[in-house]
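Colleague: The structure is given below, and queries will be raised subsequently.
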Amino acid sequence: MSEFRYAVNVLPKQGILDPQGRAVELSLPHLNVTNVSRVRVGRRAELTVTAGSEAEARALVDDLAKELLSNPLIEAYAIELLEATSSAVSAGGAPPATGSGADSGAKVTRS
Amino acid sequence: MRIGVVTFPGSNSDVDALNALAVAGVEPVSLWHESPDLHGVAGVILPGGFAYGDYLRAGVIARFSPVMRGVSDFAAKGGLVLGICNGFQVLAESRLVPGALLRNRSLRFASKIVAIKPQRLDSPFTHRSTGAPLHIPIAHGEGCYYADDATLDDIERNGQILWRYVRSDGTPALDPDDPANPNGSLRAIAGVCNTAGNVAGLMPHPERMSESILGSDDGMQLIRSFVDSAKAWETGR
């Protein structure tokens, strides 16, 4: 099994009034900023999935994004893989070593 | 006859709803969010408040609570369900009624008395209405009704728009910036029902105008409609 850490970024769909984005935009002149426009404000959730493969983990995150983390009527989401840690768990069931320098995990990090 | 009111963690109008049902002459039953058992009630109210703190989005965590399994099954069998304010948000997130409730256009929590007018008088939730505007309170931060144009056309055609915010002359406050439209709702929609007509939600609080001592009993036109229909449904089973 491997651990996959994802971010799910949720934003109001194009064409849906985003009063928070608008409020932020209206505050910009107070900061003497005049060259920023089209502000949208959403939310971000980060979560770790333990699964056999990245495809399996992503399918679960996609379901969660659709059913729970966003409302598809009004919001769009994008899934981002932050980190994947594969640990070779022995048949004897020894828990995977944790912490940096552990020899059992190959770690891939994407920004 | 017994009618249930669900209490979620964060519900705050459940006791008002229980009281309004008692005023209507039925036995109010408190239903707890952790059990899908509806104890044989003839109708269910999802009350106002902030279920599960309104975390993530208003109503979404409540959607996955055990009691909502019972409520969905009950609704699928034709049982009457009324969602008030946060209860409407729960129904919308559960996709038991069409549309979604967005942050108020003003970005402000709106707490005041508004005028809403029933759009048809032959529904289970409006048949005891006089047809005149009802003056009842709202208290919400996310009540701006939204659905895409195709859905709005559909629900309009199907008669699923049960209440609209109206101006003092009784005409719908269709402009989202009209002061009589308190949250910017599209087509001035204050409440809708599902296609079958047995599940309805609205943002205003009829249960808070259930006795003249509270200022008015306008809300009882709605509550009595619901109670009568639930009685008829139970008798017809």
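Colleague: Distance from a point 7 Å along Cα→Cβ of B:D175 to each backbone N in the stretch B:105-145: keep the residues under 20 Å and list them by number.
Modeller: Flagged as within label range: B:105-108, B:114-117, B:144-145.
Colleague: With r defined as the distance between the Cβ atoms of B:T235 and B:T130 and R0 fixed at 25 Å, what FRET efficiency is calculated, to the nearest 0.05?
Modeller: 0.50
Colleague: Any idea how far apart B:E211 and B:N12 come out in nm if each label point goes 7 Å out from Cα toward Cβ?
Modeller: Each label point lies 7 Å from its Cα, and together they span 2.1 nm.
Colleague: Express in nm, to one decimal, how much length is gained between A:R43 and A:E83 on full extension, taking 0.36 nm for each residue of separation and deducting their alpha carbon distance.
Modeller: So the chain would gain 12.4 nm between A:R43 and A:E83.
Colleague: Taking 0.36 nm per intervening residue step and subtracting the Cα-Cα distance, what contour gain separates A:Q20 from A:A55 on full extension?
Modeller: My answer for the length gained is 9.2 nm.
Colleague: Could you grab the relative contact order for chain B? Cα pairs under 8 Å, six or more apart, rounded to a whole percent.
Modeller: 21 percent
Colleague: Across peptide B:144-155, what mean number of C-beta atoms from other chains lies inside 10 Å of a residue's C-beta?
Modeller: Mean partner-chain Cβ count within 10 Å for B:144-155: 1.
Colleague: Report the FRET efficiency, 1/(1 + (r/R0)^6), for B:R157 and B:L121, where r is their Cβ-Cβ distance and R0 is 22 Å, rounded to 0.05.
Modeller: FRET efficiency, B:R157 to B:L121: 0.75.
Colleague: Exposure proxy check: B:K117, B:K231 ranked by fewest other beta carbons within 10 Å?
Modeller: Going from least to most buried by this count: B:K231, B:K117.
Colleague: Sticking with this structure for a sec: Can you sort B:T195, B:T130 so the residue with the fewest Cβ neighbours within 10 Å comes first?
Modeller: B:T130, B:T195
Colleague: Does the stretch B:2-235 come out rounded, prolate or oblate, given a ≥ b ≥ c as the square roots of the eigenvalues of its C-alpha gyration tensor, rounded meaning a/c under 1.5 and, failing that, prolate meaning a/b above b/c?
Modeller: Rounded shape, in that the Cα axes give a/c under 1.5.
Colleague: Going by how many other beta carbons lie within 10 Å of each one, how would you line up B:L18, B:L46, fewest first?
Modeller: With the fewest neighbours first, B:L18, B:L46 line up as B:L18, B:L46.
Colleague: With each pseudo-label sitting 7 Å past Cα toward Cβ, what's the B:E27-B:D73 distance in nm, one decimal?
Modeller: Result: 2.1 nm between the two label points.
Colleague: While we're here: Classify the protein assembly as shown as rounded, prolate or oblate, taking a ≥ b ≥ c as the square roots of the eigenvalues of its Cα gyration tensor: rounded when a/c is under 1.5, otherwise prolate if a/b is larger than b/c and oblate if not.
Modeller: It comes out oblate by the Cα gyration axes.
Colleague: Another question about this same structure. Within chain B, which DSSP H helices have Cα atoms that stretch 18 Å or more along the helix axis and a mean Kyte-Doolittle hydropathy of at least -0.5?
Modeller: Correct list, ordered by number: B:220-235.
Colleague: Still on this structure, please answer the following. Residue by residue through the stretch B:186-195, which ³J(HN,Hα) values in whole Hz follow from phi under the Karplus form 6.51 cos²θ - 1.76 cosθ + 1.60 (θ = phi - 60°), with glycine and proline marked x?
Modeller: 5, 6, 6, 6, 9, x, 9, 10, 6, 5
We did not get these values from a lab; they are worked out from the coordinates using the rules stated. Being a predicted model, the structure only gives us computed values, none of them experimental. Note: ideal-geometry Cβ built from the backbone for every residue, glycine included; neighbour counts use all protein chains shown.
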